[in-house]
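All remarks here apply to the structure that follows.
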Amino acid sequence: MILVLRKTATEQQISAVCDGLKELNLTGHVVRNERGAVISVYEDVSSLPGHLFSRLPGVDKVLRLSPQLSMVTDERLGPVKLNSGVVIGGSRVVIAGPCSVEGRSALLQAARRVREAGADMLRGGAYKPRTSPYDFQGLGEDGLKILQEAREETGLAVISEVMSPDQIEVATRHIDVLQVGARNMYNYDLLKEIGRSGHPVLLKRALSATINEWLSAAEYVLLQGNSKVILCERGIRTFETLTRNTLDLSAVAAVKGLTALPVIVDPSHATGRPDLVRPLSRAAIACGADGLIIEVHDDPSSALSDGEQAINSSELQSIIEDVRAVEKLFPRVEKTHAAFPSESFAPSSEKLTVSGGCCKS
Ligand code: PEP
Ligand code: MN
């Protein structure tokens with residue numbers, strides 16, 4: 001960690017900072033040049049809150065050299081392998097299906113169609129987070145049982161959303177991957193419980209989450225010993241109204257450089273428009289996404305949720321053909337281990353005077 005001191009910091013303030021560090025059992029070195037001073041602290045301070053340092057007298061900025069994401073940035077993380085044999089983080093995967101599980105025969109039919117189109121996994125919400133409490137709320141456990149039946153018939157691994165910790169145990173009995181929806185990315189009790197369950201999880205980015213907040217949510221799951229985390233960019237809320245959200249592909253490329261966890265893209269919720277699903281699917285794969293999750297319905301006008309954005313299964317088939325073509329052009333690249341922005345801090349080449357000792361305990 002580097003503490004950048006204010007230009008106006010006095011010698012008295014600098015030694016007060018040093019005393020503050022000593023009280024925390026930390027050692028640091030004061031580095032000065034004609035423009036001011038910084039204090040470097042080499043110990044691991046990732047578990048200490050920033051205000052312990054930012055409130056010391058004369059401190060202007062606290063630059064953490066290693067962000068509080070030691071699990072997410074662990075290079076040993078990697079592809080998520082499901083019991084069904086599907087690997088997310090190898091060859092690109094396509095997850096497809098309706099927004100909600102609407103009933104047994106509709107879902108079984110949808111499962112057959114997406115499998116024929118070439119999908120690797122089936123989606124379908126059993127617990128639905130709806131903006132209006134009057135809208136269809138999902139079939140709950142019955143929906144999970146239907147998903148399990150579809151898995152048994154088609155062999156497709158299944159994914160469905162859980163919204164609260166008490167839904168996890170039942171869900172893990174029926175489905176392969178738990179989904180944390182955008183509205184629940186900040187539900188830390190849910191994240192911790194999913195971490196303890198050890199079950200694979202797809203973690204969607206919240207509507208207005210920064211990349212750091214999104215990765216911190218993943219850190220919650222990983223800290224409980226569950227490394228089977230798949231990140232999902234599903235569009236963020238912006239000023240634009242022609243699309244439901246704005247697909248942030250720069251986040252996908254950036255996150256791929258920060259973590260070895262797989263990252264997939266949801267072009268359906270990102271755009272809210274069936275005509276944009278195909279071009280953005282191509283773009284997502286080209287920029288390095290490990291796969292797609294797409295809403296498919298063969299009679300969108302009768303869908304109980306998100307009918308306005310669903311594509312049909314023949315459109316899905318064309319998209320999967322695109323995915324296979326684009327992945328040949330842009331094979332998956334291994335993580336580049338780019339630095340977090342705060343890590344790019346480096347002292348300038350100006351003449352520096354290191355006055356060690358002041359902060360040493
Ligand atoms: C969904 O997948 O149907 C869903 C509700 O997604 P999100 O949480 O991204 O809005
Ligand atoms: Mn939906």
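The values are calculated or read from the model by the stated rules, or taken from the named source; none is laboratory data. Remember, predicted model here, so these are calculated numbers, not experimental data. Cβ atoms come from the backbone with ideal geometry, glycine included; neighbour counts cover every protein chain shown. These accessible areas exclude ligands, DNA and RNA; they are computed on the full protein's heavy atoms, side chains included. Shrake-Rupley method; radii C 1.70, N 1.55, O 1.52, S 1.80 Å.
Residues in the stretch 111-136 that are open to solvent by 40 Å² or more (accessible area, probe 1.4 Å) and either more than 11 Å from ligand 1 (Cβ to nearest atom) or of a type in the set (Gly, Ala, Ser) (or both): Arg112, Arg113, Arg115, Glu116, Asp120, Pro133, Tyr134, Asp135, Phe136. In this entry, Glu34 is excluded by the filter for residues that are over 34 Å from the mean Cα position of the chain (by Cα), surrounded by fewer than 16 Cβ atoms within 10 Å (Cβ to Cβ) and free of Cβ contacts under 8 Å to residues at least 12 places away in the same chain. Set side by side, the residues Ser361, Ser348, Ser342 differ, and just one is open to solvent by 20 Å² or more (accessible area, probe 1.4 Å), modelled with pLDDT under 95, part of a helix (DSSP H, G or I) and closer than 30 Å to Ser40 by Cα, which is Ser342. Among the residues of the stretch 182-194, none qualifies, meaning not one is open to solvent by 20 Å² or more (accessible area, probe 1.4 Å) and under 18 Å from Leu82 (Cα atoms).
The lone criterion from (1) touching a helix residue (DSSP H, G or I) at 6+ places or on another chain (Cβ under 6 Å); (2) within 16 Å of ligand 1 (Cβ to nearest atom) left unmet by Cys287 is number (2).
Restricting the first residue to the stretch 163-191 and requiring it to be assigned by TED's automatic domain parsing to the domain that holds Ala209 and without any contact (Cβ under 8 Å) to a residue 60 or more places away in the chain, which pairs with a second residue that is crowded, with 20+ Cβ neighbours inside 10 Å and of a type in the set (Val, Ile, Thr) meet a Cβ separation below 6 Å and a spacing of at least six or different chains? Correct list of pairs: Ile168/Val162; Ala171/Val162; Ile175/Val158; Leu178/Val162; Leu178/Ile194; Leu178/Val201; Gln179/Ile159; Leu191/Val221.
Considering the conditions (1) part of a helix (DSSP H, G or I); (2) open to solvent by less than 20 Å² (accessible area, probe 1.4 Å); (3) within 16 Å of ligand 1 (Cβ to nearest atom), Ile320 is excluded by exactly one of them, (3). Please determine whether any residue of the stretch 85-101 is free of Cβ contacts under 8 Å to residues at least 60 places away in the same chain, open to solvent by 10 Å² or more (accessible area, probe 1.4 Å), in the same structural domain as Glu152 (by TED's automatic domain parsing) and hydroxyl-bearing (Ser, Thr, Tyr). No, the stretch 85-101 contains no residue that is free of Cβ contacts under 8 Å to residues at least 60 places away in the same chain, open to solvent by 10 Å² or more (accessible area, probe 1.4 Å), in the same structural domain as Glu152 (by TED's automatic domain parsing) and hydroxyl-bearing (Ser, Thr, Tyr).
Within the span defined as the stretch 48-56, every residue fails to be more than 30 Å from Ala9 (Cα to Cα), assigned to a loop (DSSP other than H, G, I, E, B), modelled with pLDDT under 95 and not hydrophobic (A, V, I, L, M, F, W, C). Among the conditions (1) touching a Leu at 6+ places or on another chain (Cβ under 8 Å); (2) buried (at least 20 other Cβ atoms within 10 Å of the Cβ), the only one that Leu139 does not satisfy is (1). The residues on offer are Ala253, Ala260, and the sole one that is in contact with an Asp or Glu (Cβ under 8 Å, 6 or more places away or on another chain) and either in a helix (DSSP H, G or I) or closer than 27 Å to Asp189 by Cβ (or both) is Ala260.
Could you tell me how many of the residues in the stretch 289-303 are of a type in the set (Gly, Ala, Ser) and either touching a residue at least 40 places away in the same chain (Cβ under 8 Å) or in a strand (DSSP E or B) (or both)? Count: 3. Pull out all pairs, ordered by first then second residue, where Cβ-Cβ is under 7 Å, the residues are six or more apart or on different chains, the first lies in the stretch 266-283 and is charged (D, E, K, R) and open to solvent by 50 Å² or more (accessible area, probe 1.4 Å), and the second is assigned to a loop (DSSP other than H, G, I, E, B) and within 16 Å of ligand 2 (Cβ to nearest atom). Taking only residues 6 or more apart or on different chains, the pairs are Arg273/Thr243.
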